[in-house]
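For reference, the structure discussed in these notes is given below.
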Amino acid sequence: MILALLLAIVVIAGSRLDERLADDLREELFRDARLVGAAWGAGVNADSLADVAGRGLGYRVTLIDPQGRVVGDSEFDGAALGALENHAGRPEVVAATRTGAGAARRISPSAGDEEMYAAVREAQGVVRVSVGTSRLDAIVNGAIRDVLFAALFAFGGAIVLAWLFARSISRPIVELRDVATDIAGGDLSARPALAAPGELGDLAAALHAMAEQLARRLNALREEDALLTTLFESLNEGVLALNPRRVIVRTNDRAREFLNLRDPVPFPDDRLPRNATLRESIDAALVGTATEPTELQLHGRTLAITARPLAAGGAVVAMFDLTATRRLELVRRDFVANVSHELKTPLTVVRGFAETLLDEGIPPADQRRFAQTIAANATRMQRIVDDLLDLSRIESGRWLPNPERTSLEAAVTDTFNAVRPQADARGLMLAMQLGVDTVYADSTALRQILSNLIENAVRHTTEGGVTVTASRVRDQVEIAVSDTGIGIPPEHLPRIFERFYRVDPARARAEGGTGLGLAIVKHLAEAHGGSVHATSEAGRGTTVTVRLPDAP
């Protein structure tokens, strides 16, 4: 823009200068022509006057008579003068003849260059003074060159100043742009380093404040989102969130476990299990109807499903696992039924024989037999109650083991001595193969574990014997009680440590078992930080192995 403006100024100034100089030259030529005209009187040699005037003025002087013939010319003499064509038709001569003065600027036929002509009418004819315009053009071109040089110099200075000014403005703007781009890209640590006055300084301060506020808010949102995610994932309930387009947008690990989901969110709800209750709950919630907790069976679990609509559209489904609760309820019902059944039989026997004893005339021998039966069933009920009390104390935590170094051989020997009468009556051999001398356990609990296992083995063995072995495995002691009895079918093995569970209920009751011995063994071993498991083969015997830690 500056360059175009400067060029326009040069062109306009050159044109105006040329016009001004031409006007001044024309006026000067008119004055000189009048001066020559004043000297051109009657009897004056016109050609000589023209020569003298031309030399004195430095211009070409031409004297033309009224008929247009050149009678004097400062540049032509003699024959050349006579050869000049008639000037009556020249524009400046025509104008001077009519108005008294005339001027023209044109190519001279005789000189061959552009000339400025000024003519005035006098009494003797027309006096014309002319000069070549080359001098005028030289002055104008020189002035244009000077002006153009000054313009170019000014233009260069303006460019430098504009560059410096633009740099002082563009550099902070570029910095602010880069900082804004970094912030938009998520780098909230970017800050403008500009401390400038005026609007740029205000913009930098505003951008700095905005970045600080965004960083604080984003950090708060991240912390809140992390907290909500942690809470969401720590729920025992499974949770699904659906948008109005039936797409799962949020879920936790429990929901994935319950529904056996593997797809990352988001995914459509057609990938959920094909369960009518689940589908109906989701459909109701998506149309704005909340559902009450409804139980369903899914992948071997009992789940309580609740669905609620969301205010902004969509739904949330909560799932609570009732499997353990229902299993415990089943165990409780079985336990109550088992206890009732276990106590009902001896109570019925006790009541029946007691009522019989009330009759008169019963022989003393029968009275004694009836009393022995009553005592035996009372003892059985007492054992059941004692075992139940032991289990209750262990499970409730009211009993804690007091482990110490205990002689394993002494504990096994004491147990063998207690069951030897029953073993001898059956012709069974009792043996021990102990690879360790002591075990780190509560002495009373260890004897109760051995007593239950060995009595159980003797009770279910008719021939062969019972063997107790012990060995150290890494940081544990393994105590195994093996028999050569009837064995346990494979389908019963997982449940033999449950309370009142019997493989053959009739045989176990006839043998005097309460059905609680193995359950007590399991709880005593776990109270020590150990474990128990059984292996068996029907008809070939059973081995129950107890593992106890060998150090505190």
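When 479, 488 are checked against the criterion of being at pLDDT 80 or above, under 26 Å from residue 380 (Cα atoms) and surrounded by 18 or more Cβ atoms within 10 Å (Cβ to Cβ), a single residue qualifies: 488. Pick from region 1-51 the residues that are modelled with pLDDT of 80 or more and polar (S, T, N, Q): which of them is farthest from residue 140 (Cα to Cα)? Out of the qualifying residues, it is 45. The numbered conditions (1) surrounded by 14 or more Cβ atoms within 10 Å (Cβ to Cβ); (2) of a type in the set (A, V, I, L, M, F, W, C); (3) at pLDDT below 85 are all true for residue 336 except (1). All conditions in (1) within 16 Å of the chain's Cα centre (by Cα); (2) surrounded by 11 or more Cβ atoms within 10 Å (Cβ to Cβ); (3) at pLDDT 85 or above; (4) farther than 26 Å from residue 304 by Cβ hold for residue 220, with the sole exception of (2).
When 458, 412, 468 are checked against the criterion of being in a strand (DSSP E or B), within 17 Å of residue 521 (Cα to Cα) and among the hydrophobic types (A, V, I, L, M, F, W, C), 468 stands alone in meeting it. Every condition in (1) assigned to a helix (DSSP H, G or I); (2) among the aliphatic types (A, V, I, L, M); (3) touching an Asp or Glu at 6+ places or on another chain (Cβ under 9 Å) holds for residue 207 except the one numbered (3).
When the residues of region 110-159 are filtered to those that are closer than 22 Å to residue 60 by Cα and among the polar types (S, T, N, Q), the one that is farthest from the chain's Cα centre (by Cα) is 124. Listed conditions (1) surrounded by fewer than 18 Cβ atoms within 10 Å (Cβ to Cβ); (2) within 30 Å of residue 149 (Cβ to Cβ) are all met by residue 69, apart from (2).
Against the definition (surrounded by 11 or more Cβ atoms within 10 Å (Cβ to Cβ), closer than 30 Å to residue 113 by Cβ and among the acidic types (Asp, Glu)), how does residue 137 come out, yes or no? Spelling it out, residue 137 is indeed surrounded by 11 or more Cβ atoms within 10 Å (Cβ to Cβ), closer than 30 Å to residue 113 by Cβ and among the acidic types (Asp, Glu).
For (1) hydroxyl-bearing (Ser, Thr, Tyr); (2) in a strand (DSSP E or B); (3) touching a helix residue (DSSP H, G or I) at 6+ places or on another chain (Cβ under 9 Å), each residue gets a yes or a no:
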residue: 103; (1), (2), (3): no, yes, yes
residue: 123; (1), (2), (3): no, no, yes
residue: 137; (1), (2), (3): no, no, yes
residue: 147; (1), (2), (3): no, no, yes
residue: 171; (1), (2), (3): no, no, no
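Screening 495, 509 for residues that are out of contact with any Ser or Thr (no Cβ under 8 Å at 6 or more places or on another chain) and either closer than 20 Å to residue 428 by Cβ or at pLDDT below 90 (or both) leaves exactly one candidate, 495.
Here residue 137 clears all of (1) touching a Ser or Thr at 6+ places or on another chain (Cβ under 7 Å); (2) under 19 Å from residue 24 (Cβ atoms) except the condition numbered (1). Beta carbons closer than 9 Å, at least 6 apart along the sequence or on distinct chains, never pair a first residue in region 207-234 that is on the phi < 0 side of the Ramachandran plot and in contact (Cβ under 8 Å) with a residue 12 or more places away in the chain with a second that is among the hydroxyl-bearing types (Ser, Thr, Tyr) and part of a helix (DSSP H, G or I).
The values are calculated or read from the model by the stated rules, or taken from the named source; none is laboratory data. Worth saying up front: this structure is predicted, and the values here are computed from it rather than measured. When we count neighbours, we look across all protein chains shown, and the Cβ atoms used for this are built from the backbone with ideal geometry, even at glycine.
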